[in-house]
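The values are calculated or read from the model by the stated rules, or taken from the named source; none is laboratory data. Nothing here was measured: the structure is a model prediction, and the numbers come from that model. So basically every Cβ, Gly included, is an ideal-geometry build from the backbone, and we count neighbours across all protein chains shown. Ligands, DNA and RNA are excluded from the accessible area calculation, which covers all protein heavy atoms including side chains. Shrake-Rupley method; radii C 1.70, N 1.55, O 1.52, S 1.80 Å.
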Amino acid sequence: MTRAASARKHTGTVGKDYSSYSFWLETAGEDLTPRPALPGPIDCDVAILGAGFSGLWTAYYLLRQDPSLRVVVLEAEIAGFGASGRNGAWVTSGFPVTSGELQRRFGREAARELLIEMRNSVDEIGKVAEAEGIDAQYFRGGQLRVAHGPSQLPAIEKAYRFHQALDLEKDVRLLDAEETADRIRITGAVGALYNPHCATIHPARLARGLARVVERLGGEIFEQTSVIDYEGGTRPKFITDSGEVRAGAVVLAGEAYLSRLSKLHRQVLPIYSLIVLTEPLSEERWDAIGWEGRECVASNRYTVDYRSRTADGRILFGGRGAPYHYGSRIRDEYDLHGPTHEMLRRAGREWFPVLEGTRFTHAWGGPIATPRDWMTTMSYDPAQGVATAHGYTGQGVATANLSGRTLADLILGRRTDITNLPTVNHESRAWEPEPLRWLGARFVQRGLMKVDDRAEKTGKPPTGKTLAERLGSH
Ligand SMILES: Cc1cc2nc3c(=O)[nH]c(=O)nc-3n(C[C@H](O)[C@H](O)[C@H](O)COP(=O)(O)OP(=O)(O)OC[C@H]3O[C@@H](n4cnc5c(N)ncnc54)[C@H](O)[C@@H]3O)c2cc1C
């Protein structure tokens, strides 16, 4: 068994071993002892559910703009416990909904503005990390969307055309097989789309560092404090085990875990995203692979497979494929799904045969939140005093920064360029009740896997017309 997978344990009265939830939490460079829980009922200006990127960025921008605010963050576990402390390390300007679909839904200008803000978010994270002294290992290597076999070439060409249609193709380049191999040698790669607007980070160091900065700015973070329910109104509130937190505004920033609140149960679908990690590779292996640019690398499978290179010379392989759980259940044991982790290891060795004999030292996972229309929401209802940011569908590192900036502006009543984006006050319709939800999710998961496998075997691109593709790709 590998670390993170094998080390997961509850240590009785001492609590959970948080370092076992991901390589990132294990190497966060600090003791993960929880901060004190909420001592009792309190009043504040803004109360935030969730100390992941969304909640922490919101707190950060609120306090930067108005240091006099009393901002309180309530976290059920520890800062960075959720997807923010477990992800694939990509800070990507890619948005959960494709640029083509964004244009179709919201028009060219709105799509363009949103994608420009996504690029700004990639820059912003690096700038804040540096300015605030957060050792987030931010590295701007760009992104390679690789055509892994001829069936995937049309997808990268189409993506390039969408960049062109939005006048965003500057610095984005289509690479042929040889140019791709000059950057990274992947078995079966026949081309790639290079996009410079992407970086990598150490996710847990960013989340934990951001939490400390929020405290330095005067914010309060209570860990081991679960919000059980919330109410909007003239004085909105969170209800917790330790009492009520009344505020001028409450912010729901719990991403996949929001589905645990009865009022939001069908708002997002928790889908598990899984990761395996190699040991640090030898120089000979790196010479064989190349990858000096440390780009984030992905193929074009619907079932998502992506790779990143860590600062200490390991390769991280991430992907979907773990099954949706009936009733949108989220449990620690679902982070570990043997067949999916094994598939990721196998794919890793296929991509890089030089990995034969390399140890995979870590395996972990976590839930991502999928809204019914795949569209991220960043909203604030001033009449109810309730704000929320959610629905990143696995592309939330940069997006959560945009959420934080947007929610801070909305709550402070500031009309800015970002408060007009199509994400603002977007409403996705609710997912179907069970058992329809389970049947639909499993059908799409299996269907997309089959479409991907068939395309790879036949060399022919997916038609985009199967029911699974129509229901499950955006
Ligand atoms: C395995 C994996 C790989 C990923 N890879 C990438 C990637 O490479 N790039 C990318 O852009 N995105 C990636 N994502 C998605 C990205 O990490 C998330 O979208 C982003 O971190 C979400 O941040 P968040 O703060 O909204 O949610 P989270 O980080 O999940 O934080 C929510 C927090 O709220 C707390 N909480 C929930 N409910 C309650 C409650 N009732 N009371 C109190 N606290 C509560 C949770 O404990 C948690 O700490 C990945 C996700 C996963 C799981």
Relative contact order of the chain: what whole-number percent is it, with Cα pairs under 8 angstrom and at least 6 residues apart? 22
Rounded percent of accessible protein surface that carbon and sulfur make up, the stretch 88-160, 1.4 Å probe: 50
What number comes out for accessible area per residue over the stretch 162-234 if the probe is 1.4 Å? Units Å², please. 41
Given points 7 Å out from each Cα along the Cα-Cβ axis, report the Glu292 to Leu436 separation in nanometres with one decimal. 5.6
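In a shell of Cβ-Cβ distance under 12 Å around His163, excluding His163 itself, what net charge do Lys and Arg (+1) and Asp and Glu (-1) give? If you can, show how the numbers build up before the last one.
Values: positive: Arg112, Arg119, Arg145, Lys158, Arg161, Lys170, Arg173; negative: Glu157, Asp167, Glu169, Asp171.
So the surrounding residues net to +3.
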Taking a crude spin-label model, label points 7 Å out from Cα along the C-beta direction, the Asp229 to Glu179 distance in nm is 5.9
Give the span of the stretch 221-352's Cα atoms along each principal axis, as three whole-Å numbers ordered largest to smallest. 63, 31, 25
Order 226-236, 179-189 from most to least packed using the mean count of other Cβ atoms within 10 Å. 179-189, 226-236
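Using unit Cβ charges (K, R positive; D, E negative) and no other charged atoms, how large, in debye to the nearest 20, is the dipole of the chain about its Cα centre? Display every interim value, and only then the final one.
Working: 59 positive and 59 negative charges, 248 e Å.
The calculated dipole for the chain is roughly 1200 debye.
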Assign unit charges at the C-beta atoms only (+1 for Lys and Arg, -1 for Asp and Glu), then state the dipole size of the stretch 250-328 relative to its Cα centre in Debye, rounded to the nearest 20. 660
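Among the listed pairs Lys263/Lys465; Lys237/Lys263; Lys263/Lys450; Lys16/Lys127; Lys158/Lys457, which have their C-alpha atoms separated by more than 25 angstrom in this model?
Values: Lys263/Lys465 35 Å; Lys237/Lys263 14 Å; Lys263/Lys450 35 Å; Lys16/Lys127 33 Å; Lys158/Lys457 21 Å.
Checking Cα-Cα distances, Lys263/Lys465; Lys263/Lys450; Lys16/Lys127 exceed 25 Å.
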Hey, how many Å between the Cα centroid of the stretch 163-218 and the Cα centroid of the stretch 91-150? 8
Under 8 Å for C-alpha pairs, at least 6 residues apart: give me the relative contact order for the stretch 163-202, rounded to a whole percent. 41
Which order do the peptides 48-58, 152-162 take when ranked by the mean count of other beta-carbon atoms within 10 Å per residue, highest first? 48-58, 152-162
Take each of the peptides 385-396, 440-451, average the number of other beta-carbon atoms within 10 Å over its residues, and list them starting from the highest. 385-396, 440-451
Using θ = phi - 60° and Karplus 6.51 cos²θ - 1.76 cosθ + 1.60, couplings along the stretch 206-211 (whole Hz; Gly, Pro as x): 5, 5, 5, x, 4, 4
